[in-house]
Amino acid sequence: MNGRTTMAQREEVIRRTVYVSDIDHQVTEEQLATLFLACGQVVDCRICGDPNSLLRFAFIEFIDEEGARNALSLAGTMLGFYPVRVLPSKTAIAPVNPKFLPRSEDEREMCARTIYCTNIDTKVTQGDVKLFFESFCGEVKCLRLLGDYRYSTRIAFVEFVMMNFLVVAG
């Protein structure tokens, strides 16, 4: 298979995929897929976002482009407590690499105590970020501030000592 075939196949998968936003946090992937089954055969359904946040988003891939086109008509449908938004997707559903998933209960717990922050000004130091979160959320166990001169902002991963402080941070 050459590069053009691969690119054409990828573009076709994107055309068969819809982006769904404003998904109630109590809605499961099974419930979401069931709603969209009326539009066509669902190949994959992936809900993304923080499970503790109020709203999440998802990608739903259909067996054909017609299913994705039909799915657009479900925009505004109440699912849980909120009407969902449905748009053509700009990306395909990315496969999950199992080697990047937490392997032990300790790793799962560490992930649950860690938040990801974006849009941090380059003038802000690691100490500033730590002080900010400790002032409002509780003790920080570990902090990684990442970025370089090519970008105007940076990102951070902040791991808290206690899980209950994430409610304030999130």
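Readers should treat all values here as calculations from the given coordinates under stated rules, not as data from a laboratory. Note that the structure is a prediction, hence the values are computed from the model and not measured. Backbone-built Cβ (ideal geometry, glycine too); neighbour counts: all protein chains shown.
Placing unit charges on the Cβ atoms only, positive for Lys and Arg and negative for Asp and Glu, gives the range 3-88 a dipole magnitude near 220 debye about its Cα centre.
Ignoring lysines fewer than eight residues from Lys141 along the same chain, the ones with Cα atoms less than 23 angstrom from its Cα are Lys123, Lys130. Electrostatic tally near Leu74: other residues with Cβ closer than 13 Å to its Cβ, Lys and Arg +1, Asp and Glu -1, net +1. Note on Glu65 and Ala94: with the Förster distance fixed at 25 Å, the Cβ-Cβ geometry gives a FRET efficiency of about 0.80.
When only Cα pairs below 8 angstrom with a gap of at least 6 residues are kept, the range 98-169 shows a relative contact order of 38 percent. Between Thr34, Thr118, Thr91, the Gaussian network model of the chain with springs among Cα atoms under 10 angstrom shows the greatest mean-square fluctuation at Thr118. Whole-Hz Karplus values for the range 100-105 come out as 8, 7, x, 9, 10, 4 Hz, taken residue by residue from phi with 6.51 cos²θ - 1.76 cosθ + 1.60 and θ = phi - 60°; glycine and proline positions read x. Loop-located trypsin sites (Lys or Arg not before Pro) in the range 54-155 (DSSP state not H, G, I, E or B) with no more than 10 neighbouring Cβ atoms inside 10 Å: Lys90, Arg103, Lys123, Arg150.
State the extension gain, in nm to one decimal, for the chain segment bounded by Arg85 and Arg15, taking 0.36 nm per residue of separation less the distance between their alpha-carbons.
Extra length from Arg85 to Arg15 when fully extended: 23.5 nm.
In terms of surrounding Cβ atoms within a 10 Å radius of their Cβ, Ile63, Ile23, Ile14 rank from fewest to most as Ile63, Ile14, Ile23.
Taking the structure as given and computing Kirkwood radius over Cα pairs in Å, which label from (i) 16.3; (ii) 18.6; (iii) 20.9 fits? Recomputing Kirkwood radius over Cα pairs in Å here gives the entry labelled (ii). Mean sequence separation of contacting Cα pairs (under 8 Å, at least six apart), scaled by the length of the range 1-104, corresponds to a relative contact order of 35 percent.
Each residue of the range 82-90 was assigned a 3J(HN,Hα) from its phi angle through the Karplus expression (A = 6.51, B = -1.76, C = 1.60, θ = phi - 60°), giving 9, x, 7, 9, 10, 9, x, 7, 9 Hz with x at Gly and Pro.
What does the helix-only formula give at 222 nm for the chain: each DSSP H stretch with n ≥ 4 adding -39500 (n - 2.57), the total divided by the residues, and the result rounded to the nearest 500 deg cm²/dmol?
That calculation yields -8500 deg cm²/dmol at 222 nm.
When the chain is treated as a Gaussian network with alpha carbon springs shorter than 10 Å, the biggest mean-square fluctuation among Thr77, Thr114, Thr125 belongs to Thr125.
Taking amide H atoms as placed 1.01 Å from N in the peptide plane, the amide H of Lys141 lies under 5 Å from those of Glu159, Phe160, Val161, each 5 or more residues away in sequence or on another chain.
Look at where the Cα atoms of the range 75-91 and of the range 130-151 average out, and the two centres are 33 Å apart.
Taken along the Cα-to-beta-carbon direction at a fixed 7 Å, the label points for Ile155 and Ala38 span 3.7 nm.
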